[in-house]
Amino acid sequence: MCIRDSSHVVRHPTSERAQAIALHKKFYKEATSLIEKHLQSRHFVFRILIDAFSDFFVTAYAGDSTAQRLQSAKDDVAAFLQLLFDTMRIFYHFEILSKSFEFAEALFASDNFVNFLISILFERRKNYEVMLELLKKIHATEVERSRKGLDVLRNADFATFGISKLYRLNEETVREIHAAARRKSSYTEAPIRKDSQTNSPDQKVEHLPRREENTIEIGHPYQKSIDLLRMITSLSSPLHKMKVILQFANSINEEINTFFRKFHYKEPKVLDGDDIFAIILYVVTQAEVPDMLCQIKFLSHFTTPSLQNSIIGYYTCLLYTSDAADDLLCVDLGGRRIIKKKITVK
């Protein structure tokens, strides 16, 4: 953004700050990419450290199933990450970088870099599998309750989930779109309908979106979001899982907008907390991720508070809340929405 003067151009300080932040984020990405490249070498000192810890971790915790051992495993991971963090800061001269660049200190702060190191550690698939298996055994009762609850919900109709007809992305949504168009058309045409010709059915239809439900394939509602959510089990890095969750949440809005564009619906759309939760609950049941509860618990254990308090953390919380809909009597979303209807399996 520039402010033009009669004699010269003055750059807005806000714009300069934004450019500086973008530049330093790019620098941070390049720096972490360089570290990842170094770690590809078997002879690199930090690669040797990570491999040695991974061997110890798998040997020590494979097959364990007690809460005490889970805490011990978390403590060992935390201690190793602290060692790795401290030594890498010295090796890569982070202190010097922090003084050289305005925003480098924030970018290489504990939370950002710890999330990066956690991902490196759990990209060793065996480390991830041992920790996930430990979580499954400890939370076996919760996992089973959740599985049974989601099995019941899987074949429930949209009304049970509390999804508005406008967001079901099926024939009901098409009918809602056309009904909305008719209401809008009748309202705008009312002042000029003075004779029999203006009131003819043919002229009314002229103002409505073309009925394309017979020519446009509707497909399965929210299929892209369902497919994205299924990807979470194939990833072992917490950061990569969180990125997929953000993509999954964004895809819900994209699918709604795409559907509306097909049928020329241009009214403003605002998804509130109830709408988002209902749709996410539906997608979770259709995705059929067998260990979703443990996936979310894994993220809660191995992501930092700053990430958990971000928008990605918000969507992760919604996923956990939807997966916890196991008693089918009440699902509490921060006091905002409660499902009170009990579903009966016939």
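The values are calculated or read from the model by the stated rules, or taken from the named source; none is laboratory data. Source: prediction; values computed, not measured. All Cβ positions, glycine included, derive from the backbone under ideal geometry; neighbour counts span all protein chains shown. For the accessible areas, the whole protein counts, side chains as well, though only heavy atoms, and no ligand, DNA or RNA atoms are used. Shrake-Rupley method; radii C 1.70, N 1.55, O 1.52, S 1.80 Å.
Out of everything in segment 199-236 that is basic (Lys, Arg) and at pLDDT below 90, what residue ends up being surrounded by the most Cβ atoms within 10 Å (Cβ to Cβ)? If we take residues in segment 199-236 being basic (Lys, Arg) and at pLDDT below 90, then 204 is surrounded by the most Cβ atoms within 10 Å (Cβ to Cβ).
Here's the yes/no breakdown for (1) modelled with pLDDT under 80; (2) open to solvent by 60 Å² or more (accessible area, probe 1.4 Å); (3) on the phi < 0 side of the Ramachandran plot:
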| residue | (1), (2), (3) |
| --- | --- |
| 45 | no, yes, yes |
| 48 | no, yes, yes |
| 54 | no, no, yes |
| 71 | no, yes, yes |
| 74 | no, no, yes |
| 90 | no, yes, yes |
| 97 | yes, no, yes |
| 103 | yes, no, yes |
| 107 | yes, no, yes |
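For residue 248, the stated conditions do not hold, so it cannot be described as in contact with a Pro (Cβ under 7 Å, 6 or more places away or on another chain) and modelled with pLDDT of 75 or more. Residues of segment 237-284 that are open to solvent by 10 Å² or more (accessible area, probe 1.4 Å), among the hydroxyl-bearing types (Ser, Thr, Tyr) and closer than 27 Å to residue 152 by Cα: 282 alone. Taken together, the residues in segment 171-185 that are more than 16 Å from residue 275 (Cα to Cα) and polar (S, T, N, Q) amount to 1. In the set 59, 66, only one residue is open to solvent by 90 Å² or more (accessible area, probe 1.4 Å), modelled with pLDDT of 80 or more, among the β-branched types (Val, Ile, Thr) and farther than 21 Å from residue 115 by Cβ; that residue is 59.
Within segment 139-170, if we keep just the residues that are of a type in the set (Val, Ile, Thr) and surrounded by 19 or more Cβ atoms within 10 Å (Cβ to Cβ), the residue that is farthest from residue 278 (Cα to Cα) turns out to be 143. Across segment 28-40, the qualifying residues are those that are modelled with pLDDT of 85 or more and either aromatic (Phe, Trp, Tyr) or open to solvent by less than 50 Å² (accessible area, probe 1.4 Å) (or both), and the one among them that is farthest from the chain's Cα centre (by Cα) is 39. Considering segment 295-327, and only residues there that are modelled with pLDDT under 65 and in contact with a helix residue (DSSP H, G or I) (Cβ under 6 Å, 6 or more places away or on another chain), the residue that is most open to solvent (accessible area, probe 1.4 Å) turns out to be 326.
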